[in-house]
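What follows is a set of notes on a single structure, which appears directly below.
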Amino acid sequence: MRRLTSLALALALALGVTLAFAGGAAGIKSSTTVHRFIAFNGKSLAPTLKVTKRGRGYCWVGSIADGRADAWRCFLGNSILDPCFSKGKLSKPFVVCPIAPWSRRVTVLVLTKPIPLAEGNATNSSSTEPWGIVTANGKHCLAFTGATGVIGGRYIRYGCQEGGVLLGEPGRHTPVWTIFYAARNSSRQIRVGITDAWS
């Protein structure tokens with residue numbers, strides 16, 4: 001661990017960025033925990049979830065936030081819900097739309113049109129970018145699904161609930177993934193560890 005930390009610090013100095021870890025070097029997790037959001041238990045809603053809203057709408061394309069084949073981009077009135085999850089790729093009468101991957105609260109969207117299977121995402125691969133990320137500096141961040149901007153040559157990819165943004169794609173070359181973080185109204189980039197990632 002000491003050698004890994006020394007190498008990380010040397011890399012940071014070479015790149016001219018700052019590394020941020022949770023609780024100092026001793027508090028670094030040994031690896032990033034990758035979660036898969038579970039919406040269903042058999043044909044029923046997963047018992048861990050709590051329905052806080054119901055509505056009628058439809059899905060028209062695969063999710064932009066999550067590359068899973070069972071994830072969709074849907075309309076509820078004039079609002080876009082992304083991602084919403086179907087039972088596999090089957091055309092069920094409803095989809096489940098979580099507020100965030102770490103939240104139990106979901107919207108159940110009763111479908112007014114069949115799921116457009118031909119427009120869905122092609123893969124369930126774990127190599128797709130995470131939908132939600134928790135960083136070692138305590139940020140809970142969700143993927144943007146619309147146009148964003150650029151900071152220091154890196155695209156803004158995630159917005160963090162506690163403020164700030166994540167830039168570029170997660171680096172997966174070490175057991176603990178990393179990504180660049182910029183605080184609100186700041187162009188300074190900090191490479192932070194990723195403790196948890198959701199798809």
Filtered residues of the range 158-199 (kept if farther than 14 Å from V134 by Cα and among the basic types (K, R)): R172, R184, R188
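Here is a check on your reading of the model: is K50 under 21 Å from the mean Cα position of the chain (by Cα), of a type outside the set (S, T, Y), modelled with pLDDT of 60 or more and more than 17 Å from L142 (Cβ to Cβ)?
For K50, the condition - under 21 Å from the mean Cα position of the chain (by Cα), of a type outside the set (S, T, Y), modelled with pLDDT of 60 or more and more than 17 Å from L142 (Cβ to Cβ) - is met.
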Qualifying residue in the range 36-52 (condition: buried (at least 21 other Cβ atoms within 10 Å of the Cβ), assigned to a strand (DSSP E or B) and either in the same structural domain as R172 (by TED's automatic domain parsing) or out of contact with any Gly (no Cβ under 7 Å at 6 or more places or on another chain) (or both)): no
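Rundown of residues vs (1) at positive phi; (2) surrounded by 15 or more Cβ atoms within 10 Å (Cβ to Cβ); (3) at pLDDT 95 or above, yes/no style:
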residue: S6; (1), (2), (3): no, no, no
residue: L15; (1), (2), (3): no, no, no
residue: D66; (1), (2), (3): no, yes, no
residue: R73; (1), (2), (3): no, yes, yes
Within the range 129-167, tally of residues that are in contact with a Lys or Arg (Cβ under 8 Å, 6 or more places away or on another chain) and either without any contact (Cβ under 8 Å) to a residue 12 or more places away in the chain or surrounded by fewer than 18 Cβ atoms within 10 Å (Cβ to Cβ) (or both): 7
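The values are calculated or read from the model by the stated rules, or taken from the named source; none is laboratory data. All figures in this text were calculated on a predicted structure; none of them were measured in a lab. Cβ sites come from the backbone with ideal geometry, for glycine too, and all protein chains shown count toward neighbours.
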